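Beneath this line is the structure, given in C-alpha cells, with notes to follow.
The values are calculated or read from the model by the stated rules, or taken from the named source; none is laboratory data. Quick caveat: nothing in here was measured; it's all calculated off a predicted structure. Cβ sites come from the backbone with ideal geometry, for glycine too, and all protein chains shown count toward neighbours.
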Amino acid sequence: MNWITEHKIPLGSWMEAFVDWLTFNAAGFFDAISISLEWVILSVVEIFQWFPPYVPMIMTAALAWALHRSIPLVIFVVVALLLILNLGYWQEMLETFVLVLTATTLSVIMGIPIGILAAHNPRLYTFLRPILDMMQTIPTFVYLIPTLVLFGLGVVPGLISTIIFAIAAPIRLTYLGISKVPESLIEAGKAFGATPSKLLFKVELPAAMPSIMAGITQCIMLSLSMVVIAALVGADGLGKPVIRALNTVNISQGFEAGLAIVLVAIILDRIFKNPGSKEES
Amino acid sequence: MSAISIRNLDVVFGDKVDASLKLLDQGKTRQEIIDLGCNVVGVHNASIEVAEGEICVLMGLSGSGKSSLLRAVNGLNPISRGELLVQDGEQMVDIGSCDETTLRHMRTRRISMVFQNFALMPWLTVLDNVAFGLEMQGMGKQERRAKAMEKLEMVGLDEWSSKYAHELSGGMQQRVGLARAFAMDSDILLMDEPFSALDPLIRSQLQDELIELQQRLNKTILFVSHDLDEALKIGTNIAIMESARIIQHGRPEDIVLNPINDYVEQFVAHTNPLNVLKGRSLMTETSKLERLEDMLVLNRNDNTCVSTNSAGQVVSASRQGKPIALYQWQEGESIDRLPEDTLVMATPDISMRQAIEIRYRTGQPVLLNEKESLIGILSDNNFYHALLGKHFTSTETSIPSQATLADDAERLTNSSI
C-alpha cells in the first residue's frame, strides 16, 4: 500500500503543465477572445444604461404581453422591476441580464448545431455524452481556476464558466428533440422529395422545436444560477453584492441582493417558458 | 407500357446485404437467415407489373413484406437486387440505380404517398399540410396555398383549412393526407394501409370516396392492405404476399375462385363474396340443365321451364304449363320495381349481390344471357354454394342433384320470407 501512496500519479501537475503551456503559447488567442467579449458585454450594458429605467421596463412588459397575453404576468414583471430599481440594484440587474443573455446566446449558437450533428450521428453522441456529463458535474470552482488563468480577471472568465456549465442543456435537448422526431414524419418528408436541408428545416427542426425551446429556457436558468460564482472571478452584476454581503456578514444586503436574483430568475423563466406548451397539453 | 414494373426484386434491410442474398439463393427462409446473424429480408424475388390507371392492392398479414415492397417504389426502402422501373413520361426510371436528383424528381413530380398513421405535420395548419409537398417542389406560397385549397375542396375539408391536424377526427386527417398526395398531381399514388387506422364505417366511406375520385382522376395506385374485403372492393388486381414473397397475383374474382394455396384460401374463406363474384362464375351452365322434350327445366318441383330457339335465345317460359313473363334487366336498373313472378334475364357479369336481389324480388331463378343466347341460370343452390365458400374448395365436391337442392332451397326461402 505504501508503494501506491508513495508513487502519486501527477495528474494535477499534468493539467497545470497543460494550462501553463496554453497560457504561454496561446496567450494572444485567449486575450483576443477576452478583450472582444468584454468589449461586447460592456457596450451592451452601456446601451441599456443609456436608457432611463422605464424604457427596458416597458420593453420587458411588452415582450411578456406579446408572448403570453397575460395581464397578471405583465403586472408582476413591472412590479418586480420597480422593486429592483427601488432596492438600488438596477445597474447590477442590467449587468447580470446581459451576462445571462450573452451566455445563453453563445450556448444556443454553439449548442443547437452540435445537438443536430449528434442526433444525425449517433457515434458522435456516444463520444459527447461523457463530456457533457463531466461539464455538468465537475464543481464549477474547479474550472473557474484555469479560465481565470487563461482569460484574466473580469466578466469573461465568468462568462466562459457559465457557458461550460449551461451549454449541455441546449445540446442535450436539441439532440433529444431531433432524435425523437417521429419516423413517419421523416418518411413523409422524404416521400415528398425533401432535400436533406429542407428535411432539417421544414420537418426535423419544427418537430423538435418544443424540446429545443425547453433547452433554451433551461440554458437561461442555468446561466442565471452561475451569477454568484461568476462574481467570484470579478464579473459584475447581482452576484457581487452577494459576495460582498457574505464577506462582511451583512444580512440585509445579502437578503436584498438575493431577492433581486430570485426576481430576475422568475421574470426570465415566466417570459421564456415555451408559450406553445399550454396549447399542446 | 406499365406504370410500375418490378422484376425479381429483393429488399434486404441492414448492412450484410450480400451475405443475406447468398443465403436467400441457397433457399434459406427468412427466419433461418436472421438466426444465422444476417439481415431481415423484406421482399424476396417479387415481380409485378402495374398498368396505368390500375389500382393494384398488395395484400398480406403484417410482416409479409407488403409495406416493404411499397416503400421500395419511391426509394424509401433500399433495393438490394433486381429491377424496379417507374414510368416518367416516355421513359422508365430505375429507382434502384438512379441518382439523388432523379429520385427527388420522381418523388416530387411522379410518385406521392399516403401513410397509415397520416403523418401530418402537427405544427402546420391543414392547408399548409396539404401544401407541404408543393413546398418541396419549390412552389411559391400564394400559388401553393391556392392549389392546396382546391384539393381541400375536393375532399370536402375547405372549411377546416386553418385548423391544426390534431383538431380533426381520424377520417378527416386521412382526407388531408389524401389531399396532400393529390396536390402533387403525380400519376402514381402509393397508399400504405391508408384506412386501417379508421373506424369500419369511416373506412368504408373513404374507400367509396377513393373509388369515386379514382374514376375522375385515373391515377395508378399501389395500395397496401391487410384486409381482403378492402382489397376486393377497390382493387383492379390483387397481389397476395406471404413471408416476403408474392404468392398470387390476379383479378379479385380469380383470387376468390382459385386461391392458390391454403394460406390464400383462409383469407378468402373470411371474405364476403357478394361484391366480388360474378354471375358467370356461379351459374349452372345451360348444358348441365335437365331437358324435358325441347324445354329446359329450371325447377322441377313447380315445373318451371324455358324453351329456346336454335340460336339459344329464350323465346318463352312456363310454369306448370301456364306461360310466365320474361324480362330483360339492364345493369343500373332498379331491382325494386321488377314485377314479381317474372323470369329475369341479365348479363353474366351481374354481381352476386344483384343476382340475389333479383331472385329475392321475383322469386324465380335468374337467366344469364350472353349475346342474346342463354348460357346459364342462377338458382338458390348456386348462391348457397358460394355463400358457404364451397366454390373454391380444391377437391371437387359432388354437387347435389338440382332437384333435391332446389327442394331444400324452396323450404329455406319460404321459412325466411
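Note on the range B:62-163: enclosed strands (runs of 3 or more DSSP E) holding 2 or more residues that are away from every other protein chain (no Cβ under 14 Å) and either within 30 Å of the chain's Cα centre (by Cα) or among the β-branched types (Val, Ile, Thr) (or both) are B:81-88, B:91-94. Of the helices (runs of 4 or more DSSP H) lying entirely inside the range A:53-153, those containing at least 2 residues that are touching a residue at least 60 places away in the same chain (Cβ under 8 Å) are A:54-68, A:71-87, A:90-120, A:140-151. The conditions of being part of a strand (DSSP E or B) and either exposed (fewer than 13 other Cβ atoms within 10 Å of the Cβ) or on the phi > 0 side of the Ramachandran plot (or both) are met by B:VAL315.
Kindly indicate whether any position in the range A:183-198 is touching a residue at least 24 places away in the same chain (Cβ under 8 Å), crowded, with 18+ Cβ neighbours inside 10 Å and either within 14 Å of chain B (Cβ to nearest Cβ) or part of a loop (DSSP other than H, G, I, E, B) (or both).
no
Restricting B:GLY63, B:GLY75, B:GLY96 to those that are at pLDDT below 90, on the phi > 0 side of the Ramachandran plot and of a type outside the set (S, T, N, Q) reduces the list to B:GLY63. Any chance the range B:52-59 includes a residue that's away from chain A (no Cβ under 14 Å), of a type outside the set (Lys, Arg) and closer than 20 Å to B:VAL17 by Cα? The answer is no; no qualifying residue exists. Taken over the range A:64-80, the criterion of being modelled with pLDDT of 90 or more and within 20 Å of A:THR217 (Cβ to Cβ) is satisfied by A:ALA64, A:TRP65, A:ALA66, A:PRO72, A:LEU73, A:VAL74, A:PHE76, A:VAL77, A:ALA80. Within the option set A:GLN49, A:GLN91, being among the polar types (S, T, N, Q), modelled with pLDDT under 90 and within 22 Å of A:VAL155 (Cβ to Cβ) holds for one residue only, A:GLN49. Here A:LEU259 meets each of (1) farther than 30 Å from B:MET106 by Cβ; (2) surrounded by fewer than 17 Cβ atoms within 10 Å (Cβ to Cβ); (3) within 14 Å of chain B (Cβ to nearest Cβ) with one exception, condition (3).
Scanning the range B:320-331 for any residue that is part of a loop (DSSP other than H, G, I, E, B), under 25 Å from B:ASP229 (Cβ atoms) and at pLDDT below 85 turns up at least one such residue.
Kindly indicate the residue of the range B:336-354 that is without any contact (Cβ under 8 Å) to a residue 60 or more places away in the chain and within 20 Å of B:GLU370 (Cα to Cα) and also surrounded by the fewest Cβ atoms within 10 Å (Cβ to Cβ) among those meeting that condition. My answer is B:THR342.
With respect to B:LEU198, is the statement that it is more than 23 Å from B:LEU85 (Cα to Cα) and at pLDDT 90 or above true?
Judged against the criteria, B:LEU198 is not a match.
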